[in-house]
Amino acid sequence: MTLVSWRPLDGVTVVDFTRMAPGGTGTLLLADLGATVHKIEHPTGGDDTRHLKPKVGADSSAQHQYMDRGKHSVRADLKQQADLALVRSLVADADAVIESFRPGVAARLGIGFRDLAAINPSLVYVSLSGYGQSGPRAATAGHDLNFVGYAGLLGETVPRVLQADVTGGILAALAIVSGVARARQDGTPAHVDLSLADAALALGGMQVVEALAARSLDVEVETPLDGQSPCYQIYRCADGRSLAVAAIEPKFWQRTVQLLGREEWLVRQHDPTLISEFGAVIATEPQAHWVEILVEDDTCVSPVLDPQDVSSDSHILERGALCEYDSVAGPLWQVASPFRNLATIPAAVGHPN
């Protein structure tokens, strides 16, 4: 199974001035879909993902191998006129540019929207920043945890995934595809102001508008997704592993309590006092037991896998969502492109240079 199976963006060229996950996620999706991505990296060190652990060779990491696969690395110091001329020549023939500097920095470097639109009048230019090009926090530093916190989505624990960063990257890819489609119709340029804080807000849109409406209407929020309902909860098993119960619809809850032999719990689906009782039952057996009893039935119950477990999951493997490839450090796993066009023949993909 190959990493990429559908390349509809062949012929689209993007110049990527971003670093790390947000912009990298967006241009990863574009590269997987066939776009030519020129990733501009500083001559000393390159992108920060190269230096994460675990290392893959002397100048790469597992994360870099994933995030920058299929892209063309261009080492350039934007403060040097010769290097600046090089990247401007790439932009002249490109469809889109994405940058992730704080507001005003790109312009000072000579790669702002006005600078580059002067040499490419139909350019789609995406500014992907923490808090956007305007507003009181526009120049403020931040990371994923800050953006998610400002969006009202952060609980008591640190999320294991970069919610705002990845969402922002996906939205950046969508903005580029949309902008290029329009520019190829009538030559219309675009300068898209995309904020990771706004992306976090969009990610939690349903929950945010629900909470705001409840406050305006002076009513209580009734949702099973806030961690207060036994039917939508994570429970610890006897072996220390966990079980994800998402039996929201009454039919799934009914089947779950039947299989547990606790039909009296049927009327307590949203009773928060049941959480501890439910948890006490789950804690009596290891995860494998509950997988056999509950997961194999139609209950919306599943095991909670550690990231190291996913390479042995039969569904993930059969889907080709993970693939092995030969790196300089030996065989390693890669997350495949999520796009699958069943009418196409799978294609290979290059790894970062």
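Since every read-out is calculated from the coordinates, none of them should be taken as a lab result. Given the structure is predicted, the values throughout are model-derived calculations rather than measurements. FYI the Cβ positions are ideal-geometry reconstructions off the backbone, even for glycines, and counts take in every protein chain you see.
Tabulated data
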{"item": "Charge dipole magnitude, Cβ of K and R +1, D and E -1 - the range 13-205, Cα centre, debye nearest 20", "result": "180 debye"}
{"item": "Antiparallel bridges, percent of DSSP beta bridges restricted to the chain (to nearest 5)", "result": "45 percent"}
{"item": "Distance (nanometres) between label positions extended 7 Å along Cα→Cβ at residue 266 and residue 53", "result": "5.4 nm"}
{"item": "Inter-label distance, nm, simple model (7 Å from Cα along the C-beta direction), residue 304/residue 288", "result": "2.0 nm"}
{"item": "Residue (of 168, 145, 60) at the positive-pole extreme of the chain, dipole from beta-carbon charges", "result": "60"}
{"item": "Measure of compaction for the chain (Cα Rg per 2.2 N^0.38 Å)", "result": "1.16"}
{"item": "For residue 74, distant residues with modelled amide H under 5 Å away", "result": "39, 40, 41"}
{"item": "Hydrodynamic radius by Kirkwood, which averages 1/r over all alpha carbon pairs of the range 224-304, in angstrom", "result": "12.2 Å"}
{"item": "Those residues of the range 62-103 whose amide nitrogen sits under 16 Å from the label point placed on residue 138, 7 Å along Cα→Cβ", "result": "100-103"}
{"item": "The chain, relative contact order in percent, only Cα pairs under 8 angstrom and at least six apart counted", "result": "21 percent"}
